[in-house]
1. As a footprinting exposure proxy, order Cys480, Cys388 by other Cβ within 10 Å, with the fewest listed first.
2. Would you list Val133, Val305, Val300 from fewest to most Cβ contacts within 10 Å?
3. With respect to the cross-link table entries Lys410/Lys537; Lys117/Lys233; Lys129/Lys365, which display a Cα-Cα separation exceeding 32 Å?
4. If packing is taken as the average number of other Cβ atoms within 10 Å across a peptide's residues, how do 230-239, 328-337 rank, most packed first?
5. I'd like to compare 159-171, 187-199: which one has the highest average count of other Cβ atoms within 10 Å, and what's the full order after that?
6. Which part of segment 117-149 falls in the paramagnetic zone of Lys176, meaning amide N under 15 Å from the point 7 Å along Cα-to-beta-carbon?
7. If you split all Cα-Cα distances of segment 137-352 into 5 Å bins from zero, what percentages do you get per bin, shortest first?
8. Using mean Cβ contacts within 10 Å as the protection proxy, how do 407-418, 468-479 order, highest first?
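Throughout, read-outs are computed from the coordinates displayed, never taken from laboratory work. Keep in mind the model is a prediction, meaning the values are calculated, not measured. All Cβ positions, glycine included, derive from the backbone under ideal geometry; neighbour counts span all protein chains shown.
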Amino acid sequence: MNSPKYGTRYVNVLVNTDLFCFKKGVDTCTQLTMLKKTCAETSGLTRPRARQTVNKSRRRTSVRRTNWHEKNGTRCGKDVEQKLINEQILVTNLVTWCIERGFSGSGLSVRPTVNRKGRGLEATRVIEKGECVLSVPLRRGIVDEERGHPEEVLALIKNAPWGVRLACRLLQELKKRELSEYRAYLELLPVDVETSPLHYSEDLIAQICYPQAQNEIREMKTAVNKWFDLLEKDDFNVAIAGATREEFTKAVAVVHSRTYGMSSGETGEGYFRALLPLADLLNHGGEQFLDENRSSTAIVNTETVAWSEILVDDDNVNDDNDDEQEAASIMFTAQKTLEPGEEATMSYGDRSNDHFLIYYGFIPKNNPHDDVIIFENFDSAMIWHAMCFDEFWRREDIQARELNAVRAFKETSLALENTTDAMLTKSEPRMKVLSDGRVDARLLAAFAALYAGDEELSRKNAADDTESLNAARKDVALRCEQLLQTMQKASGKNEAEEIFESSLRTKKTYENETERVISLFRKNKMFILRDCAQKMKLPLDV
C-alpha cells in the first residue's frame with residue numbers, strides 16, 4: 001500500500017471527487033471505469049517494459065524481475081484498486097442518499113480506508129475560513145429517541161444508558177438489511193471499533209495500570225452485559241433484533257465512538273444524541289502540545305472544521321410538524337483556510353485521555369487536557385497527608401490548622417466559580433494534576449493552609465506565605481512520585497524503560513493496535529506524574 005506503484009497518488013486520484021458534485025443522469029459505472037483507467041495510468045500499475053540491453057544475462061535478469069512484479073506487485077495493486085472501487089461505489093450511494101434527504105455541502109471528499117491515515121474527509125479545493133462545508137438535517141440521522149423502538153420494549157429501553165438505546169436502534173436497522181431507510185449509510189458504517197475497551201480482557205485492563213480508568217472500564221463492561229442479559233429475554237429480544245452478545249457489544253462500541261450530542265436550544269433544551277451520516281467521518285483534531293516531549297508549553301490547534309450553529313427552517317415548521325428539531329440542520333464551517341488534500345478535522349472536546357480511550361478507543365496526540373487523578377476528594381487528601389506526616393498531625397494546634405484547610409478549600413472553590421473551571425469543580429470532587437506542573441488549585445490551597453497555621457495567621461500571611469505554598473508543592477510532588485512508583489510496579493517497567501528508552505517518539509512494533517493504545521495511555525499518565533513531581537519540587541521565589 002505504501003509502494004509508489006499503488007500508494008498515495010493512486011488513492012488521491014480515485015477519491016478526489018467533491019462530495020456533492022455527482023451529476024444526476026451520469027452513469028456511475030462509467031464514471032468509475034474512467035477513474036479506474038486514470039488510476040492505472042497515473043499510479044504506475046500498468047505493466048512495466050523489460051529493460052532494453054545488449055547483455056543477455058542482464059536481459060534475463062530484467063525479465064525475471066518483471067515476472068515477479070507481475071505476480072506480486074500488479075496483483076496487489078489490483079486488489080487495492082478493486083477495494084477502492086468498491087468503497088467509492090458505497091460513498092457514491094451514500095452521497096446520493098444524503099442529497100435526496102436535504103444534505104448539502106461542497107469542497108470535501110471521502111478519504112478511503114486503505115490510506116495509511118484511515119477513512120476521513122479531505123478538501124478537494126481551497127476552502128476559505130468561515131465557509132460552510134456541510135449541512136446535515138438532524139432528523140436524517142439515527143436518533144436516540146423513543147421513536148423507532150418497538151412499543152413492547154419502550155418501558156424498559158427508556159431507562160437504559162444512551163449508548164444501549166442507540167445501539168438497539170442501530171441493530172434494528174441492520175436487521176432490516178435492504179429494507180432499512182439507512183441502508184446506504186449502514187453499508188459504509190464500521191461494524192466494530194476493535195480498540196474499544198468493551199473488548200478488553202482482564203489482562204488488557206491490568207496493563208492500563210491506572211485504577212480510575214480500569215474501574216470505569218469494568219463498570220461499563222458490566223453495564224453493557226447486564227443490559228444484554230435483560231434484552232435477550234424473549235419478551236424484549238426484539239429490541240436488539242436478535243443480536244448475539246458479541247454483536248450487541250460491537251454496536252455499543254460503534255455508537256460510543258461516532259455519536260453526536262447536541263442541543264437544539266440556546267439554554268440547553270432539547271438535548272439529544274444521534275448518528276449523523278457524513279458528519280461522523282470527521283476525525284478528531286484539537287489542541288495539542290507543539291513539542292512532543294513537552295519541553296515547550298506552546299499549544300497548536302489542529303481543528304479545521306467545527307459545527308457553528310443549528311439552524312431551523314421556519315418554512316418547514318407547521319401545525320402538523322411543530323417540532324423545531326424536525327426542521328433543524330447542523331452547519332459545519334471551516335475554522336481556517338484549507339488547502340486541497342488537507343484533512344477536515346473537528347475537536348471531540350477538551351477531554352482527558354480517559355474519555356478518549358473509554359469512548360473512542362484511541363489516544364489523541366500530545367493532549368494538553370490529559371490529567372491524573374491523585375485524590376478522589378478532599379477527605380482522602382487529608383487522610384493521606386495525616387498518614388504521611390504523622391508527626392505534623394500530632395501538633396497541639398492541628399485542629400485549627402485542619403479547619404483552616406477546610407476553609408481554604410471552600411474559598412478556593414468559590415473563587416473558581418468566576419472562571420472557566422467553574423462547572424468542572426462543581427461536578428468533579430476528584431483532584432488532578434496535568435502536564436506542565438498544573439495542579440488543582442483547591443488542593444494546593446488546602447495543603448498550604450495546613451502549614452500556614454490558624455485562620456487569623458493565614459489571613460495575615462495569605463499574600464506572602466511562600467514558605468507554606470512551597471511546602472504544599474512538595475507534598476504534591478511526593479504524592480505524584482508515589483503514584484508513579486505504583487504504576488511502574490504494576491507495569492513491570494522502571495521509569496527509564498517506560499519514559500526514556502520507550503519515549504513517546506520511539507517507534508515500536510506492537511502485536512496489535514489495542515496494545516499500542518494502552519501503552520500510549522500509560523506512558524502519558526506516567527509522563528504527567530513525573531513532570532509534575534519535578535516542577536513541584538522547584539521552590540517559588542520568596
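1. Ascending number of Cβ neighbours within 10 Å: Cys388, Cys480.
2. By the 10 Å Cβ count, ascending, the order reads Val300, Val133, Val305.
3. Lys117/Lys233
4. In decreasing order of mean packing, 230-239, 328-337 become 328-337, 230-239.
5. The packing order, highest mean first, is 159-171, 187-199.
6. Within reach of a label on Lys176, which here means backbone N under 15 Å from a point 7 Å along Cα→Cβ, segment 117-149 contributes 139-149.
7. For segment 137-352, the pair-distance distribution reads 1, 6, 12, 15, 16, 16, 14, 10, 6, 3, 1, 0, 0.
8. 468-479, 407-418
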